[in-house]
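See structure below.
The values are calculated or read from the model by the stated rules, or taken from the named source; none is laboratory data. From a predicted model like this one, the values you see are computed outputs, not experimental measurements. Ideal geometry is used to build each Cβ from the backbone, glycine not excepted, and the neighbour counts take in all protein chains shown. Side chains included, ligands, DNA and RNA excluded: accessible areas come from the protein's heavy atoms. Shrake-Rupley method; radii C 1.70, N 1.55, O 1.52, S 1.80 Å.
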Amino acid sequence: MSVDDIIPGSPLARALNDYPVPGLSAGFADRVLAAAENRAAPLPELRRTGGSGGRGWRMGRRIAIGAACFGALATTAAATGVLERFDIAVPSAEKVWASLTGKETPVVAAPIASKPAEPAAAALAPVVIDGPIDTPEELSEAFRRIDEVREGRSAVRRQVIDQRIDRAIERRRAAGLPLPDAEQEARLRQRIDEAQTLRQQRAGERIASRREELERKVENGETVTREDFVGPRRADPATIERREWLKQLREMSPQQRREFLRNLPPEQRRVLVEEYRKRRSEAATKLPNTSAETPASVVEPADPTVQPQI
Amino acid sequence: MNTSGEPATSPATHSAATGADAALAARLAARDSAALREAIALHAGALHRVAYRMTGDAHEAEDIVQEAMLRLWDHAPNIAARHPVGSEAAGALKLGGWLQRVATNLAIDRLRRARRLSGGEFPDSEDDAPLADALIEANERDLSARALIAALPERQRAAIVLTYYEELPNAAAAEALDMNIKAFESLLLRARTALRHAYAARAEGGAL
């Protein structure tokens with residue numbers, strides 16, 4: 001007996017004990033028997049009764065439904081980026097698989113986003129100058145076509161830069177490195193735009209003076225050939241070879257490029273590094289507020305093949 | 001405590017231990033009227049006490065007992081199938097406990113329905129006919145205990161009736177109320193506390 005029990009003989013117990021129960025009325029058993037005889041057959045069971053088995057199955061089903069709902073919600077949250085908003089890192093499938101199998105996944109460059117809609121192919125095709133140009137009309141037509149190609153290539157370059165920025169951010173995100181916030185990213189893009197504008201201004205000035213020379217040449221009755229447009233640098237075999245080589249490098253994936261540079265003889269690699277540093281320092285001197293701070297992974301040396309001389 | 005002199009443990013306790021309940025269930029499943037009469041003789045008294053003390057109404061209590069016995073009649077085939085005579089499960093079958101659970105739940109259902117319909121705690125109708133003095137006195141005494149029990153919520157009322165009046169062990173009472181033992185003990189504690197408070201309030205008000 002615990003302290004909470006109602007103590008026998010206490011006033012409360014005495015009060016409770018004054019509760020007699022009348023007996024069942026006479027003929028109760030007969031009435032129940034008669035009712036049992038006239039009772040309709042019970043309805044069949046709606047669901048299988050299996051004691052604890054059925055209960056267990058119902059519980060298991062609820063757990064399964066709950067797990068499925070949770071999985072669907074978690075997948076939706078991960079897919080819509082809700083988890084990232086709360087700083088919950090969502091590992092990629094490759095990382096999860098690598099952690100399960102213990103194998104290191106090869107470092108793969110971020111997938112290249114689908115290429116943006118490029119300007120008309122005709123606008124990007126190099127202008128072909130077959131014969132000599134000896135009239136101002138022909139010259140202005142050649143300038144017009146060259147301008148078209150320049151504009152097209154400039155648009156492509158802008159898109160390429162955007163893609164490279166996006167890829168760099170993706171790579172950093174995949175590697176778990178801190179990402180620039182919106183303000184930093186905007187500042188970076190602004191610096192790149194400024195550098196581009198400056199370079200275009202310089203190229204424009206150079207082209208304008210060159211065109212004036214060519215116009216004067218035509219006005220003097222001389223003819224202008226393809227070599228006048230292309231410029232002396234393109235004719236240089238060493239430059240062409242270097243450009244070809246750079247083009248090959250650009251077409252490689254980052255991993256291939258790294259491997260290629262590693263496999264170079266040390267002297268050649270050193271020369272390349274020196275050249276690259278020199279170019280960087282020159283660029284930094286020219287643009288003290290811009291390219292000196294620009295990450296190498298985002299801004300790469302301008303492609304000279306898309307930079308027409310005129 | 002059993003004030004009406006009935007045995008605290010019904011004969012069903014012994015019969016369950018020997019597997020007699022399984023045999024009785026088998027006979028009920030075979031639609032043997034004599035078996036039903038036997039089940040009524042064994043269990044109806046205990047069920048009626050519980051039902052009466054919970055509802056405070058003799059007719060209502062009889063209805064509850066009748067309904068419980070008819071449900072046993074209906075479910076007998078299933079019960080017999082799950083506890084075949086001679087098997088290990090047959091020894092575990094306690095028809096008394098099963099009936100106690102059905103009757104308690106029926107009583108709780110009826111109390112809730114009555115409360116919804118009438119908005120009060122007591123049965124709808126009281127007999128207003130003039131009574132002899134002795135009967136009045138006995139009824140007043142009876143009413144005081146009844147009022148104390150009736151002041152409790154349905155499940156607390158069932159807990160007190162099963163453990164105090166029927167002297168069921170807590171485990172059996174918890175089973176009758178389809179609760180786990182911890183929850184039942186908590187319910188019983190609340191019920192006893194409420195009962196003491198109600199008694200103290202009535203004593204102060206001069207009702208006792």
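On the full set of protein chains, 1.4 Å probe, figure out the accessible area of A:K95 and give it in Å² to the nearest 10.
100
Quick one: grab the alpha carbon gyration tensor of segment A:209-258, order the square roots of its eigenvalues as a ≥ b ≥ c, and give me rounded if a/c is under 1.5, else prolate or oblate depending on whether a/b is larger than b/c.
Prolate is the answer for segment A:209-258, as a/c is 1.5 or above and a/b outweighs b/c.
Among B:105-112, B:44-51, A:6-13, A:75-82, what's the highest-first ranking by average C-beta atoms within 10 angstrom per residue?
Order by mean packing, descending: B:44-51, B:105-112, A:6-13, A:75-82.
Could you tell me which of rounded, prolate or oblate describes segment A:156-288, using a ≥ b ≥ c as the square roots of the eigenvalues of the alpha-carbon gyration tensor, with rounded for a/c under 1.5 and, failing that, prolate when a/b is larger than b/c and oblate otherwise?
Verdict is oblate for segment A:156-288.
Averaged across A:23-36, how many Cβ atoms of other chains sit within 10 Å of each residue's Cβ atom?
The shielding value for this peptide is 6.
For B:H59, what accessible surface area do you get with a 1.4 Å probe? Give it in Å², rounded to 10.
Accessible area of B:H59: about 150 Å².
Just reorder A:D193, A:D87 by solvent-accessible area, largest first, 1.4 Å probe, all chains present.
Result, largest first: A:D87, A:D193.
Peptide B:43-52: average number of partner chain Cβ atoms within 10 Å per residue?
The mean count of partner-chain Cβ atoms within 10 Å per residue comes to 3.
How would you classify segment A:121-210 from its alpha-carbon gyration tensor, with a ≥ b ≥ c the square roots of the eigenvalues: rounded for a/c under 1.5, else prolate if a/b is greater than b/c, otherwise oblate?
It is prolate, given that a/c is not under 1.5 and a/b is the larger ratio.
Tell me, which residues of segment B:24-40 get at least 50 Å² less accessible area when the other protein chains come in, versus the chain alone (1.4 Å probe)?
Residues shielded by partner chains are B:R37, B:I40.
Which whole-Hz ³J(HN,Hα) couplings does segment A:9-16 yield from phi under the Karplus relation 6.51 cos²θ - 1.76 cosθ + 1.60, θ = phi - 60°, glycine and proline marked x?
x, 6, x, 5, 4, 5, 5, 5
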